[in-house]
Amino acid sequence: MKSARLIGVSTAAAALTLGVANSALACDIRDFSAVATCDANGKGVIRVTDTDASGTPAVITLYVKMSVEGEDDRDIDTKTIEHPNAQGVSVDFAWDWSPDQTYRVHVKAGNLVDEDIQPLLTTPSQACEAPAPTPTPSASESTPAAATPSASASSSDTPSPTPTQPSDSPAASPQGGSGSHLAETGGGNDTGLIAGTAGALVVAGGGLIFALRRRRASGSH
């Protein structure tokens, strides 16, 4: 009897534990959340995330609440999350939402969930904005200008041209050459010849005078 009672208690405890575990894994509306955000291109997106650990597929329908009382909510789109998990699986509704607008997100997950996410989604007060275009560098910005040397640098770094002698001026020549200082004063290569001729003429003149004097002396005797 005691053994039977122990078996009954153990079975009840196991059933209770299994029931609690199943309840923890069961899909619930609290496993779903929605947020209005912007994508990388500045477009509006409404993102719904499912963290259902049981993996129950869920059908998500997005509605926009109409401002006119009594008018039906506008159906925007429907998407399905096939394989949710505890880490979270998301679906995005590409929708250019307006600031401070209210949306209703309805979830249908098997026979477990068939209701709206609460509270209803209200978009931020600021709309999405496209990212600023990246400026394209101009040619002057992309290619650095060549440094212009200053006047002082150019005058000090650049060697001044060496003056050349005029083509019509006589070039310096070795001593005794035709271009020596003798040529500039009237002398030249013929000076020795002229001096020899003059000497010969002086000797000849002296001899002539000597001969004449002897002739005169002979005539007077």
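The values are calculated or read from the model by the stated rules, or taken from the named source; none is laboratory data. As the structure is a computational prediction, the values presented were derived from the model and not from experiment. Reconstructed Cβ throughout: ideal geometry from the backbone, glycine too, with neighbour counts over all protein chains shown. We work out accessible area using only protein heavy atoms, side chains counted, and drop any ligands, DNA or RNA first. Shrake-Rupley method; radii C 1.70, N 1.55, O 1.52, S 1.80 Å.
Assorted remarks:
- Neighbourhood charge, 13 Å Cβ-Cβ cut-off, centred on C38 and excluding it, Lys, Arg +1 and Asp, Glu -1: -2
- What a 1.4 Å probe finds exposed on the range 19-135 is 48% carbon and sulfur by accessible area, rounded to a whole percent.
- Each residue, E71 and K108, gets one label point 7 Å from its Cα in the Cβ direction; the gap between the two is 2.5 nm.
- Counting only protein heavy atoms and using a 1.4 Å probe, the accessible area of V45 comes to about 10 Å².
- Local electrostatic count, V89, Cβ distance below 9 Å [Lys/Arg +1, Asp/Glu -1]: -3
- Pairwise label distance in nanometres, A26 with A195, each label 7 Å out on the Cα-Cβ vector: 14.6
- Distance-filtered residues of the range 53-76 - backbone nitrogen under 14 Å, label point 7 angstrom along S98 Cα→Cβ: 64-69, 74
- Two-site FRET efficiency, D116 against A40, from Cβ-Cβ distance with R₀ of 25 Å, rounded to 0.05: 0.30
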